[in-house]
Each structure stands twice: as C-alpha cells, then as structure tokens.
C-alpha cells in the first residue's frame, strides 16, 4: 500500500520530536546538573528505539563543532548575571510577567537559575545601561507604578532610569527598548512627566503613550490625550493615534497609526505591514530566547504582512518558513538557522 501524505507528515513530526529530545538530553548532560535518575531515564530512552540512538549521535556530533562557542556564551551569561546580582539594585518589587514563548529561557540555555542578559550581539547590556532602575529580560514584561499617577509597562529587553527633583520622580530615561505610560487625567496637578530617549524628550500631563528606542531611532506614539515631543530639529504635538520618529539629527512629520498596530505588543501580538522579513525576524528575536538567523540573502527583503502571537513565536517561525520556502536547522540554546 502506498503511504499517504498524512503518514509522511506523521513520520516527519516524529523525527523532529526525536531530534528535539536528543538535544534536550545533550543540554542536560552539559548543564552539570545530571542526577542518577536522569541517567537511568536516558538509558531507557536510547534503548526504546534505534532512531533515538541515531538522533543523539547526530546531536553529539554537531555539538562537537559548535560546543566550545556555545559554552563560551553560557559562561558569558553566567558572568553577566553575577555582575547584575552584585551591582544592580531593585528599589521595589513590581509586577513581572514572562511571555509563554520565553518562560524557559534559562532551561533552553542549559543554565539553571541564571537570568538571561544581553551581551554584545545581544548577550549583555551596554555599559551605559548598567545604571537602570528597572529592566526586563528577553520575553519579559514588567508593570511599575512609578508614582501614584504614573504607571509604566516595560516591554521585553527594556531598561529605564528614574529622573528625580527634590526626591520626587519627574520623568524617566528610556535607555533601551520600549515602554508604555499611563497617566490618568486630573492626577498630576498640571506638572508634565518627561521621557528622555536618545536626543529627544516627550512631555505629557495626562494620557496614554508609548516610546520605543531601538537602533538609535525613537518612535513616540500617542494613544490618548496629547504628547509634546521636543527635539533639536523641531517640536511635534501628537494627538490620539498619531506618532513621530526621530534620530540623532532629524525628526519626522506626524503620521497616523493604524488601529491594528496600536499597542499591539500590550495585547500579546506582533503586527507587521509590508515589513522586510529580516526586520520581522529581528523583532521576533527581541521576544524569543536564543537567536533566529536568516542565512538566505535573497529572502531578506521579502515583505511580510500579518500578525503573530508573542506566546507562540515558534509557530510564527514555522509559518514564515513555509511561506518563504526556507529550511530550518535547530541548534542548542534556541538558535535557529533559516536558509
């Protein structure tokens, strides 16, 4: 009888699951936390199918090629985590939430109980960002009641520092990342709250707005109320559903924001409209532990339009892989090569 397409799919899914299990065993053995019962379970797993032994042998061979580099990254993560534990204070215990796609970041990296930080090329913060009062790791969001009237939500990989005058918080420095600000009307006594990002500053008396500071570019979006954006190249007054973008030398005109794009990340979504595939993957990398690397130069500029749930980014990658006919190779530490 000729095998059906469904049979082929089942075989492919089973083979992929076996490969993933083999890598999980390999990461456990290199974590230094193997227990006697783990060894017994591994022996039973290998003996249960010839495909298990073959998959583990293949994973071990690949680890022999990339293992030293991977071990170096894990050591760097541990050193960065130790530095932060010694030198960075947490003045309060705000509300934190790890997005589902990133909850196992430390486990995926093979490091138990170590926070994930971001060095050069994404492994730890730049020295200028070490003085942050609040920060989030990959896939983490953090809600901070900065004052009685200012509520801040930090998105993934974000760092902020308080600005104070006379012991009172008057604003923040957004050192990197993305944050949303909620200031109820009538609660501020007319004093503006300032957000400095790059060379510009955003001032608000009441309302809701977001500031994103990545790759030396700042995007300010007004959701409700009004935002005044001050820059050496000019001032912009934003109203609801308007935004402006600035860098070190220029500031854009005011643009209207589509409803689907407004605060999408706070709803747990990533929304793209005719966005380059390489930029889409860069955004996914902000939320997902590990690294997705696009090795196919011809696909870099292909446009992507659609939305993905942040909690299901591996599904998003599978959809992109299928849409652009890409091959995926999984490596330890959550690294995915798309070619």
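The values are calculated or read from the model by the stated rules, or taken from the named source; none is laboratory data. Model, not experiment: these values are computed from the prediction. Quick reminder, even Gly has a Cβ in these numbers, built from the backbone with ideal geometry, and neighbours come from all protein chains shown.
Against the numbered list (1) in contact (Cβ under 8 Å) with a residue 60 or more places away in the chain; (2) on the phi > 0 side of the Ramachandran plot, residue 306 comes up short only at (1). Per the listing 241, 228, 236, 191, the residue uniquely more than 28 Å from residue 138 (Cβ to Cβ) and in contact with a helix residue (DSSP H, G or I) (Cβ under 8 Å, 6 or more places away or on another chain) is 241.
The single condition among (1) in a strand (DSSP E or B); (2) surrounded by 15 or more Cβ atoms within 10 Å (Cβ to Cβ); (3) in contact with a helix residue (DSSP H, G or I) (Cβ under 8 Å, 6 or more places away or on another chain) that residue 337 does not meet is (3). Would you check which residues across the range 285-305 are within 27 Å of residue 209 (Cα to Cα) and out of contact with any strand residue (DSSP E or B) (no Cβ under 6 Å at 6 or more places or on another chain) and list them? Once the filter is applied, which keeps residues that are within 27 Å of residue 209 (Cα to Cα) and out of contact with any strand residue (DSSP E or B) (no Cβ under 6 Å at 6 or more places or on another chain), the range 285-305 yields 286, 287, 288. Among the residues of the range 307-334, just one is exposed (fewer than 14 other Cβ atoms within 10 Å of the Cβ) and either part of a strand (DSSP E or B) or touching a helix residue (DSSP H, G or I) at 6+ places or on another chain (Cβ under 6 Å) (or both), namely 329.
Among the residues making up the range 151-175, a single one is at positive phi and in contact with a helix residue (DSSP H, G or I) (Cβ under 7 Å, 6 or more places away or on another chain): 157.
Kindly indicate whether residue 237 is outside any loop (DSSP other than H, G, I, E, B) and loosely packed, with under 14 Cβ neighbours inside 10 Å. It is true that residue 237 is outside any loop (DSSP other than H, G, I, E, B) and loosely packed, with under 14 Cβ neighbours inside 10 Å. Out of the residues in the range 278-306 meeting the condition of being part of a strand (DSSP E or B) and over 21 Å from residue 140 (Cβ atoms), tell me which one is modelled with the lowest pLDDT. Of everything passing the filter in the range 278-306, 306 is modelled with the lowest pLDDT. Scanning the range 240-277 for residues that are in a helix (DSSP H, G or I), free of Cβ contacts under 8 Å to residues at least 24 places away in the same chain and touching a strand residue (DSSP E or B) at 6+ places or on another chain (Cβ under 6 Å) gives a single hit, 261.
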